[in-house]
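One structure below.
The values are calculated or read from the model by the stated rules, or taken from the named source; none is laboratory data. Just so it is clear, the structure is predicted and the values come from calculations on it, not from any experiment. Note that we place each Cβ from the backbone using ideal geometry, even for glycine, and neighbour counts take in every protein chain shown. What goes into the accessible areas is simple: the full protein's heavy atoms, side chains included, and nothing from ligands, DNA or RNA. Shrake-Rupley method; radii C 1.70, N 1.55, O 1.52, S 1.80 Å.
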Amino acid sequence: MYAEAPPLALTLGDPAGIGPDIALLAWARHRAELPPFVLVGDARVLAERARLLQIDIPFEEVTQPGAASGRFDRAFPVLPVPGLGRVLPGHPDEASAPAVRASIERAVALVQAGVARAVVTNPISKAVLYGAGFPFPGHTEFLAFLAGGATPPQPVMMLASPTLKAVPVTIHVPLKDVPSLLTRELILTTLEITARDLRRRFRVAQPRLAVTGLNPHAGEEGTMGREESEIIVPAIEAARAKGLDVTGPQPADTLFHTAARKEYDVAICMYHDQALIPFKTLAFEEGVNVTLGLPFVRTSPDHGTAFALAGTGKANPRSLIEALKLASSMSSQAEDKA
């Protein structure tokens, strides 16, 4: 059912982590259910990892992404990115950082050129990239930079699964900085982008957004903090004035049980762990990281590099499989609306 579509552009991720493992395992065991992709990376590294995993996989280097779709059922397509030396699974190396970054840049360029449908990113190690001078907090912010334009888009990270969708307003920042970073404008923009992309890419006609408080018990009428009354409530009121279906602020400790989740389409949380802890508790294996607000579709597994599992055969490719499927679905929705 995917044969005629351009492929997805899958990045290599940190080559010492499980990115190569889960890509290889997904293709070897599940390719009949996958949309075609082309991995932007190093076929030599992949072949070495396949031997370590004892998987017999034929590789085919392609120069044009479109060639991957027709060959996907018989060979693992790779669009070469040079620059990787020897890679030891489980042993991250700053020397790999330029190639990791180049893989992301090339994948985005392929989508911008219209020869790939969406970007799917394998996990990176931010610490490795930071050591090599990477100036961005993470994937999400780098992708917004690569989107280009005079004013880079505001990226919104959403964790998605059939069980729960959750968005953190602030992302990769220290917890102590969250109160000073929360503004009415940031929350309102996050609400608007989330609602727009749920309509555009998920076909949710009227998204229901549930907003958490920042403090315990959503501030307990101001006795545990003023952020709710001074920042969050004004943002919610502004969103409602624009026609959005928004509730809150609600205590985060009562927002994620089964009955509560039936009342909204996405939970808008104030900081990283407030969103990711319940999400990964409920949907760790099948969860997908989605970047909203970009001019292209981007998804990713919801886990990290798991260096300890690299090369062991114990990595689970399910989250990557779901990320590939969701990227295909989201890009199809975008095409339908074009």
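Things to note:
- Bridges between two residues of the chain, per DSSP, are antiparallel at a rate of about 30%.
- Between helix 97-112 and the chain: long-axis angle, C-alpha atoms, 0 to 90°, nearest 10: 80
- Apolar share of the accessible surface for the chain: 53 percent from carbon plus sulfur atoms, 1.4 Å probe.
- Neighbours of residue 229 by Cβ distance under 13 Å: Lys/Arg scored +1, Asp/Glu scored -1, total -4.
- 20 Å Cα-Cα reach of residue 314 towards aspartates and glutamates, excluding residues that sit fewer than 8 places from it in its own chain: 14, 21, 48, 56, 285, 286, 302, 322
- Take the stretch 1-125 with all the other protein chains still there, run a 1.4 Å probe, and you get 40 Å² of accessible area per residue.
- A simple count of charges around residue 8, restricted to other residues whose Cβ falls under 11 Å of its Cβ and scoring Lys, Arg +1 and Asp, Glu -1, yields +3.
- Over the chain: helical MRE at 222 nm, DSSP H runs n ≥ 4 each giving -39500 (n - 2.57), nearest 500: -11500 deg cm²/dmol
- Spin-label model distance (nm) - residue 240 vs residue 308, 7 Å beyond Cα toward Cβ: 4.7
- Where the alpha-carbon atoms of the stretch 220-304 are placed on the principal axes, they occupy 37, 30, 24 Å, in descending order.
- Anisotropy class of the stretch 1-133 from Cα gyration tensor, a/c 1.5 cut: oblate
- Taking packing as the residue-averaged number of other Cβ atoms within 10 angstrom, the listed peptides 5-16, 73-84 run from highest to lowest as 5-16, 73-84.
- Distances between placed amide hydrogens fall under 5 Å for residue 76 paired with 59, 60, all partners being 5 or more residues away or on another chain.
- Summed residue charge, Cβ within 14 Å of residue 164's Cβ, Lys/Arg positive, Asp/Glu negative: -1
- Residues of the stretch 137-220: accessible area per residue with a 1.4 Å probe, Å²: 41
- Summarising the amide proton neighbourhood of residue 165: residues at separation of 5 or more, or on other chains, whose placed amide H is nearer than 5 Å comprise 267.
- Solvent exposure of the stretch 228-283, expressed per residue, is 46 Å² of accessible area, with all protein chains present and a 1.4 angstrom probe.
- Binning the C-alpha pair distances of the stretch 255-338 at 5 Å intervals from 0 yields a P(r) profile of 3, 12, 17, 21, 19, 15, 8, 3, 1 %, listed from the shortest bin outward.
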